[in-house]
Protein chains: 2
Amino acid sequence: MPYIRLPEVQVRRFCNDLFAGYGFSKSESETITDVLLTADLYGIESHGIQRLIRYHDGIRDGSILPFAKYEITHETRLSAVIDAHRGMGQVVARAAMELAIEKAKEHGFGAVVVNHSNHYGIAGYYASMAAAEDLVGMCFTNTEAIAIPTFGRNAMLGTNPISFSMPADPIPFLYDVATTVVPRGKLEVYTKNGKPMPLGWAVDANGLDCTDAGEVVGNIISKAGGGILPVGGSSEESGSHKGYGLGMVVEIATSIFAGGVTSNHVGHSGNGETSESFFALDYGMFGDKAEMKHNLSVLLQELRHSAKAKGQSRIYTHGEKELESKAEKLQNGIPVNQKTVAEMKMIGNSVGVNFERYFGAIWL
Amino acid sequence: MPYIRLPEVQVRRFCNDLFAGYGFSKSESETITDVLLTADLYGIESHGIQRLIRYHDGIRDGSILPFAKYEITHETRLSAVIDAHRGMGQVVARAAMELAIEKAKEHGFGAVVVNHSNHYGIAGYYASMAAAEDLVGMCFTNTEAIAIPTFGRNAMLGTNPISFSMPADPIPFLYDVATTVVPRGKLEVYTKNGKPMPLGWAVDANGLDCTDAGEVVGNIISKAGGGILPVGGSSEESGSHKGYGLGMVVEIATSIFAGGVTSNHVGHSGNGETSESFFALDYGMFGDKAEMKHNLSVLLQELRHSAKAKGQSRIYTHGEKELESKAEKLQNGIPVNQKTVAEMKMIGNSVGVNFERYFGAIWL
């Protein structure tokens with residue numbers, strides 16, 4: 001399916017107005033839009049505006065409540081627990097990381113966990129918030145179960161991403177990955193494109209290798225069995241138990257810490273039941289920050305300049321691709337799948353935000 | 001190469017006396033021995049007494065100083081930095097985790113980083129110390145460079161293991177893995193056994209797939225290029241960048257935080273230059289501990305009872321295999337490779353600890 005380039009400024013305006021149309025405040029709408037567009041600009045299409053349809057459905061079926069007000073239910077000097085009351089993930093997530101940052105600035109460390117939340121976009125957005133304040137940031141979330149434990153056939157854990165960021169020059173180190181081989185969103189993109197997935201990403205309802213993204217996504221939605229493999233694949237020999245265990249670490253740091261619902265009991269698309277966690281650490285607790293930042297910058301540069309494997313021309317450090325993608329897309333526009341464009345039109349119309357008014361007539 | 005079973009009690013006595021022979025105090029010797037034997041009992045041969053020869057060589061060549069006294073060089077309420085002064089890794093590591101635990105008990109969180117250290121055995125030993133005190137424990141270390149960054153051909157990062165433990169019933173969750181597909185010790189075992197490695201574990205000096213463990217280990221020692229792949233293998237499609245980035249997170253949390261030497265500059269076998277970090281967190285900062293522990297126990301039980309993939313009969317949770325292995329080996333003895341037995345004899349003789357006095361005559 002072909003892609004159309006849409007100008008970032010117009011997409012931002014459209015999304016802001018769209019979320020305002022659902023009843024979010026101006027500042028809430030801008031937060032949600034910024035998280036989504038950051039994903040698209042970073043080249044992480046799976047977590048960008050192609051998700052609008054899922055948020056739309058969530059708001060329509062009551063699993064996302066636009067008027068929910070999150071609430072701090074437990075707090076210590078270093079920590080807080082927040083009940084999102086089924087609000088929009090991005091809104092509570094931003095507030096939670098702001099609180100963790102505040103605690104880290106005052107006490108050295110801040111840990112804020114959230115329950116009864118919804119999909120919050122890319123985890124890296126929140127880890128980056130801490131790095132922008134010269135702190136180390138870390139952020140996790142659980143999700144609807146989609147990952148197969150090693151030797152299992154049913155999805156028991158979420159894609160359970162990990163993000164981690166630390167400031168460096170010229171750009172921060174930003175790690176943001178699902179603990180599955182791929183995130184669910186990537187399967188959705190393959191489904192939209194109708195292309196077969198690489199072998200080793202997912203298994204069918206019988207726990208056997210499967211390259212049909214649509215079939216796997218369908219099985220996940222209907223809870224028929226099968227799902228995505230943990231990073232490390234399906235065998236211990238290739239490290240499956242490492243990805244499975246990493247998913248468990250995220251599960252503990254989210255649903256268990258937050259007193260929330262574990263991934264295997266989270267309903268379709270999150271359903272106001274996901275848990276998230278936000279950590280900020282003032283690395284000044286270990287000494288001179290400028291020196292540490294310099295040492296990291298040197299290591300990153302050594303990696304970039306390190307010898308390349310035969311046939312390869314570049315070694316990336318984490319966060320580089322994203323910033324290069326952002327620069328390119330700010331100039332040339334955001335590539336949007338035509339199916340997503342159709343969804344934007346439909347969704348926009350439902351809240352009185354006319355697609356053509358922002359983008360002119362686009363023929364599909 | 002065949003294995004011999006040696007009784008755990010006698011191996012413990014032998015190792016205690018061996019380390020005393022190098023000049024370690026009684027309590028230091030017991031700590032080092034306990035870490036090593038915990039690995040062997042857990043079935044992690046790569047990190048057990050087969051490493052005695054490397055410690056022996058390190059002490060002989062001056063990279064490990066038995067009489068070194070570690071020193072706290074920086075401290076805040078939540079944190080400390082310790083200079084190990086090239087002492088034995090296990091000794092400073094235990095003290096560092098004890099300090100992190102003390103801080104976590106008093107303030108909720110403790111983070112202790114160590115520089116100028118040496119190989120400290122299995123990371124899980126220290127994470128477990130925190131879990132035994134009803135805390136969440138986490139422990140990392142960097143190592144001599146052995147891991148290939150995605151698209152690279154030279155080793156730039158260590159095996160950089162991650163361990164994480166949280167109490168649960170009937171047994172704790174204990175995650176302890178290298179961020180490479182396999183740890184270096186596993187290559188050493190394959191070298192000793194003379195068996196080819198599975199494809200996808202390592203690359204040769206040209207960055208190409210290689211199944212000859214001896215060749216890869218040799219290249220690593222001579223810094224000829226090549227090394228072990230990050231978990232996720234060699235391509236982005238299988239998640240190589242995820243393992244590479246996870247190794248970077250560990251690198252940041254160890255050498256960068258501790259102001260130590262980054263893995264790509266650590267000398268052969270650690271050489272008194274590795275950095276380690278120890279985190280303890282009182283999860284009571286998020287509410288009722290009994291409830292959280294219960295919820296984790298329920299999830300672990302649900303995983304064990306979850307449907308199995310075709311051809312599989314069991315889903316493990318992390319830490320189960322280790323405790324079952326321990327029970328079996330306490331009863332039947334620790335399986336020791338004959339090459340390791342020969343090394344134990346040689347090493348023992350060098351410090352006046354006669355192997356036969358502990359084990360009788362074993363014919364090789």
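The values are calculated or read from the model by the stated rules, or taken from the named source; none is laboratory data. Remember, it's a predicted structure, so these values are computed and weren't measured experimentally. Please note: Cβ atoms are built from the backbone with ideal geometry, for glycine as well, and neighbour counts cover all protein chains shown. These area figures cover heavy atoms from the full protein model, side chains too; ligands, DNA and RNA do not enter into them. Shrake-Rupley method; radii C 1.70, N 1.55, O 1.52, S 1.80 Å.
When the test is whether a residue is out of contact with any Phe, Trp or Tyr (no Cβ under 7 Å at 6 or more places or on another chain) and buried (at least 18 other Cβ atoms within 10 Å of the Cβ), A:Arg60 does not pass it.
Just wondering, is there one or more residues in segment A:187-198 that are out of contact with any Ser or Thr (no Cβ under 8 Å at 6 or more places or on another chain), open to solvent by less than 10 Å² (accessible area, probe 1.4 Å) and not polar (S, T, N, Q)? Steps first, answer last, please.
Keep residues of segment A:187-198 that are out of contact with any Ser or Thr (no Cβ under 8 Å at 6 or more places or on another chain), which gives A:187, A:190-191, A:193-195.
Next cut, open to solvent by less than 10 Å² (accessible area, probe 1.4 Å) only: A:187.
Narrowing the set further to residues that are not polar (S, T, N, Q) leaves A:187.
Checked segment A:187-198: at least one residue is out of contact with any Ser or Thr (no Cβ under 8 Å at 6 or more places or on another chain), open to solvent by less than 10 Å² (accessible area, probe 1.4 Å) and not polar (S, T, N, Q).
Restricting to segment B:253-288, count the residues that are more than 17 Å from A:Gly287 (Cα to Cα), among the polar types (S, T, N, Q) and open to solvent by 10 Å² or more (accessible area, probe 1.4 Å). Talk me through it step by step, then tell me what you get.
First pass over segment B:253-288, keeping only residues more than 17 Å from A:Gly287 (Cα to Cα): B:263-274, B:280-288.
Next, from what is left, pick out any that are among the polar types (S, T, N, Q): B:263-264, B:269, B:271, B:274.
Now narrow it down to the ones that are open to solvent by 10 Å² or more (accessible area, probe 1.4 Å): B:264, B:269, B:271.
Summing the residues that are more than 17 Å from A:Gly287 (Cα to Cα), among the polar types (S, T, N, Q) and open to solvent by 10 Å² or more (accessible area, probe 1.4 Å) in segment B:253-288 gives 3.
Among the residues of segment B:238-252, which ones are more than 9 Å from chain A (Cβ to nearest Cβ) and crowded, with 24+ Cβ neighbours inside 10 Å? Within segment B:238-252, B:Gly247, B:Val250 meet the criteria. Checking segment A:61-83 against the condition returns a match, with at least one residue being more than 14 Å from chain B (Cβ to nearest Cβ), at pLDDT below 95 and more than 26 Å from A:Phe257 (Cα to Cα).
Does B:Ser235 satisfy the condition of being open to solvent by 20 Å² or more (accessible area, probe 1.4 Å), of a type in the set (Ser, Thr, Tyr) and either in the same structural domain as B:Leu78 (by TED's automatic domain parsing) or out of contact with any strand residue (DSSP E or B) (no Cβ under 8 Å at 6 or more places or on another chain) (or both)? Yes; evaluated as a whole, the condition is true for this residue.
With the requirement that a residue be basic (Lys, Arg) and more than 25 Å from B:Glu320 (Cα to Cα), what does segment B:166-206 give you? Step through it out loud before you land on a result.
Let us first name the residues in segment B:166-206 that are basic (Lys, Arg), namely B:184, B:186, B:192, B:195.
Of everything in segment B:166-206, those that are basic (Lys, Arg) and more than 25 Å from B:Glu320 (Cα to Cα) turn out to be B:Lys192, B:Lys195.
Looking at the structure I just gave you, is A:Gly48 closer than 24 Å to A:Val217 by Cβ, open to solvent by 40 Å² or more (accessible area, probe 1.4 Å), in contact (Cβ under 8 Å) with a residue 12 or more places away in the chain and small (Gly, Ala, Ser)?
Values: closer than 24 Å to A:Val217 by Cβ: yes; open to solvent by 40 Å² or more (accessible area, probe 1.4 Å): no; in contact (Cβ under 8 Å) with a residue 12 or more places away in the chain: yes; small (Gly, Ala, Ser): yes.
Considered against the rule, which asks whether it is closer than 24 Å to A:Val217 by Cβ, open to solvent by 40 Å² or more (accessible area, probe 1.4 Å), in contact (Cβ under 8 Å) with a residue 12 or more places away in the chain and small (Gly, Ala, Ser), A:Gly48 comes out as no.
Among the numbered conditions (1) within 14 Å of another protein chain (Cβ to nearest Cβ); (2) part of a loop (DSSP other than H, G, I, E, B), tell me where A:Ala361 comes up short. Just one mismatch for A:Ala361, condition (1). Quick check on segment A:176-186. Is at least one of its residues of a type in the set (Gly, Ala, Ser) and either at the interface with chain B (Cβ under 9 Å from one of its Cβ atoms) or surrounded by 24 or more Cβ atoms within 10 Å (Cβ to Cβ) (or both)? Checked segment A:176-186: at least one residue is of a type in the set (Gly, Ala, Ser) and either at the interface with chain B (Cβ under 9 Å from one of its Cβ atoms) or surrounded by 24 or more Cβ atoms within 10 Å (Cβ to Cβ) (or both). The single residue among B:Gly360, B:Gly270 that is in contact with a helix residue (DSSP H, G or I) (Cβ under 8 Å, 6 or more places away or on another chain) and not acidic (Asp, Glu) turns out to be B:Gly270.
Taken over segment A:293-305, the criterion of being within 24 Å of B:Ile146 (Cβ to Cβ), within 9 Å of chain B (Cβ to nearest Cβ) and either open to solvent by 10 Å² or more (accessible area, probe 1.4 Å) or in a strand (DSSP E or B) (or both) is satisfied by A:Asn295, A:Val298, A:Glu302. Here A:Gly260 passes the criteria (1) farther than 24 Å from B:Val136 by Cα; (2) of a type in the set (Gly, Ala, Ser); (3) modelled with pLDDT of 95 or more except the one numbered (1).
Quick check: is even one residue across segment B:132-154 of a type in the set (Ser, Thr, Tyr), out of contact with any Cys (no Cβ under 8 Å at 6 or more places or on another chain), within 14 Å of chain A (Cβ to nearest Cβ) and within 24 Å of A:Arg77 (Cβ to Cβ)? Scanning segment B:132-154, I find no residue that is of a type in the set (Ser, Thr, Tyr), out of contact with any Cys (no Cβ under 8 Å at 6 or more places or on another chain), within 14 Å of chain A (Cβ to nearest Cβ) and within 24 Å of A:Arg77 (Cβ to Cβ), so the answer is no. Cβ-Cβ distances below 8 Å connect the following pairs, each with a first residue in segment A:263-291 that is within 11 Å of chain B (Cβ to nearest Cβ), a second residue that is assigned to a helix (DSSP H, G or I) and of a type in the set (Lys, Arg), and a separation of six or more residues or different chains: A:Asp282/A:Lys105; A:Tyr283/A:Lys289. Restricting segment A:334-363 to residues that are free of Cβ contacts under 8 Å to residues at least 40 places away in the same chain and of a type in the set (Gly, Ala, Ser), the residue that is most open to solvent (accessible area, probe 1.4 Å) is A:Ala361.
Is it the case that B:Lys69 is assigned by TED's automatic domain parsing to the domain that holds B:Tyr175, without any contact (Cβ under 8 Å) to a residue 40 or more places away in the chain and either open to solvent by 40 Å² or more (accessible area, probe 1.4 Å) or β-branched (Val, Ile, Thr) (or both)? Judged against the criteria, B:Lys69 is a match. Residue pairs whose Cβ atoms lie under 6 Å apart, separated by 6 or more positions or on different chains, with the first residue in segment B:200-212 and at the interface with chain A (Cβ under 7 Å from one of its Cβ atoms) and the second buried (at least 16 other Cβ atoms within 10 Å of the Cβ) and modelled with pLDDT of 90 or more, are B:Gly207/A:Ala309; B:Gly207/B:Arg153. If only residues of segment B:98-122 that are within 21 Å of B:His265 (Cα to Cα) and either open to solvent by less than 10 Å² (accessible area, probe 1.4 Å) or in a strand (DSSP E or B) (or both) are counted, the one that is nearest to the other protein chains (Cβ to nearest Cβ) is B:Val113.
This table checks each residue for (1) without any contact (Cβ under 8 Å) to a residue 60 or more places away in the chain; (2) in the same structural domain as B:Gly270 (by TED's automatic domain parsing); (3) not β-branched (Val, Ile, Thr).
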{"site": "B:Asp83", "(1), (2), (3)": "yes, yes, yes"}
{"site": "B:Val91", "(1), (2), (3)": "no, yes, no"}
{"site": "B:Met97", "(1), (2), (3)": "no, yes, yes"}
{"site": "B:Asn142", "(1), (2), (3)": "no, yes, yes"}
{"site": "B:Pro149", "(1), (2), (3)": "no, yes, yes"}
{"site": "B:Met156", "(1), (2), (3)": "no, yes, yes"}
{"site": "B:Ser165", "(1), (2), (3)": "no, yes, yes"}
{"site": "B:Ala168", "(1), (2), (3)": "no, yes, yes"}
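Go through the residues of segment B:215-226 one by one and say whether even a single one is open to solvent by 10 Å² or more (accessible area, probe 1.4 Å) and among the charged types (D, E, K, R). Yes, segment B:215-226 has at least one match.
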